């Protein structure tokens with residue numbers, strides 16, 4: 001495993017109280033609303049190819065300012081993102097019922113190939129958080145084309161998937177989900193999987209805690225819960241045609257880790273270099289997230305089966321990237 005790439009210190013280079021949200025669809029507008037409520041920022045610029053949409057969202061959220069913390073919210077363009085501490089990129093086509101995240105790749109790869117050079121022209125110094133799907137492939141494109149340091153560009157990855165896993169385990173075990181330590185890793189999509197071998201509840205191994213709570217069919221429960229996590233987005237899309245509140249909360253959580261320099265361990269999507277037999281692929285494993293974005297990788301104690309699954313997940317992503325002929 002290679003040492004982590006040196007990072008530039010963004011603290012003196014940007015406005016730490018400013019965030020830019022690129023894309024004002026369901027995910028972008030929900031993320032903007034969550035970030036407004038977070039109190040992390042005093043300035044927010046909304047950027048969208050549909051300027052009227054961005055202006056409408058800025059007005060809608062801005063009218064609530066007398067009921068919240070003071071904040072300047074406005075519609076702008078790429079120039080306005082240049083000094084933002086965090087650029088949240090949600091721009092892209094929506095996932096339709098019956099469509100996998102990977103089905104979106106050609107449409108959204110084309111969008112990213114058009115907008116990422118705009119950031120490269122402006123020499124942005126902050127951190128870029130990619131949220132649009134398929135997030136691993138779009139994160140890879142953003143790293144290659146944004147002109148920003150590699151560690152400063154990362155995706156929301158499986159942060160939401162991991163939250164879903166913790167939620168479902170909490171319901172299953174009748175315990176506070178915040179006491180559960182686990183992760184979904186790999187692709188944010190159909191090849192993702194849970195790191196069951198290291199899952200615990202406040203240091204108590206999962207199977208021991210399950211039996212303490214009266215559950216003994218471990219394999220059956222693990223498969224059911226993991227499948228439910230993997231299919232959560234599809235179930236939500238089938239019912240309400242889009243998912244946005246959960247990912248908006250994940251965006252807020254990641255932004256907290258950056259702005260507060262928390263050094264939090266989160267399974268975001270970042271570029272791997274000779275780790276777990278994987279190279280030059282962006283996918284999710286636990287990393288330390290702080291003011292400089294992805295600061296270091298946490299060596300996961302994966303068993304042989306989990307390592308195989310991670311390599312298979314990486315191959316799926318890499319094969320799709322090769323098929324796109326991105327010319328980067």
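Before moving on, here are some points about what is shown:
- Looking only at region 37-61, and only at residues there that are touching a strand residue (DSSP E or B) at 6+ places or on another chain (Cβ under 7 Å) and surrounded by fewer than 16 Cβ atoms within 10 Å (Cβ to Cβ), the one that is nearest to residue 85 (Cα to Cα): 42
- Looking at region 264-328, the strands (runs of 3 or more DSSP E) lying wholly inside it that each contain 1 or more residues that are under 17 Å from residue 133 (Cα atoms) and within 20 Å of the chain's Cα centre (by Cα) sit at 269-272, 281-284.
- Any hit, region 101-112, residues being assigned to a loop (DSSP other than H, G, I, E, B) and touching a residue at least 12 places away in the same chain (Cβ under 8 Å): no
- Qualifying residue in region 206-223 (condition: in the same structural domain as residue 294 (by TED's automatic domain parsing), in a helix (DSSP H, G or I), surrounded by 14 or more Cβ atoms within 10 Å (Cβ to Cβ) and under 23 Å from the mean Cα position of the chain (by Cα)): no
- Within region 224-244, considering residues that are in contact with a helix residue (DSSP H, G or I) (Cβ under 6 Å, 6 or more places away or on another chain) and not in a helix (DSSP H, G or I), the one surrounded by the most Cβ atoms within 10 Å (Cβ to Cβ): 243
- Whenever a residue of region 48-62 is closer than 10 Å to residue 75 by Cβ, its partners that are part of a helix (DSSP H, G or I), lying with C-beta atoms within less than 7 angstrom and at least six residues away or across chains, give the pairs 48/54; 57/29; 57/32.
- So residue 173, is it farther than 25 Å from residue 309 by Cα, at pLDDT 95 or above, assigned by TED's automatic domain parsing to the domain that holds residue 288 and crowded, with 18+ Cβ neighbours inside 10 Å: yes
- Residue match in region 175-194 (condition: in contact with a strand residue (DSSP E or B) (Cβ under 9 Å, 6 or more places away or on another chain), over 21 Å from residue 303 (Cβ atoms) and in a helix (DSSP H, G or I)): yes
- Test: residue in region 74-81 that is over 19 Å from residue 112 (Cα atoms), not in a loop (DSSP other than H, G, I, E, B) and not assigned by TED's automatic domain parsing to the domain that holds residue 250: yes
- Yes/no for residue 159 being buried (at least 21 other Cβ atoms within 10 Å of the Cβ) and touching a helix residue (DSSP H, G or I) at 6+ places or on another chain (Cβ under 8 Å): yes
- Contacts under 6 angstrom Cβ, first residue in region 303-319 being more than 11 Å from residue 187 (Cβ to Cβ) and assigned by TED's automatic domain parsing to the domain that holds residue 192, partner at pLDDT below 95 and exposed (fewer than 14 other Cβ atoms within 10 Å of the Cβ), 6 or more apart: 311/277
- Of all residues in region 245-284 being out of contact with any helix residue (DSSP H, G or I) (no Cβ under 7 Å at 6 or more places or on another chain) and under 14 Å from residue 139 (Cβ atoms), the one that is surrounded by the fewest Cβ atoms within 10 Å (Cβ to Cβ): 280
- Taking every residue in region 72-97 that is at positive phi and at pLDDT below 95 and pairing it with any residue that is buried (at least 18 other Cβ atoms within 10 Å of the Cβ) and assigned to a loop (DSSP other than H, G, I, E, B), at least 6 positions away or on another chain, the pairs with Cβ-Cβ distances below 6 Å are 92/132.
The values are calculated or read from the model by the stated rules, or taken from the named source; none is laboratory data. Note that this is a predicted model, so its numbers are computed, not measured. Quick reminder, even Gly has a Cβ in these numbers, built from the backbone with ideal geometry, and neighbours come from all protein chains shown.
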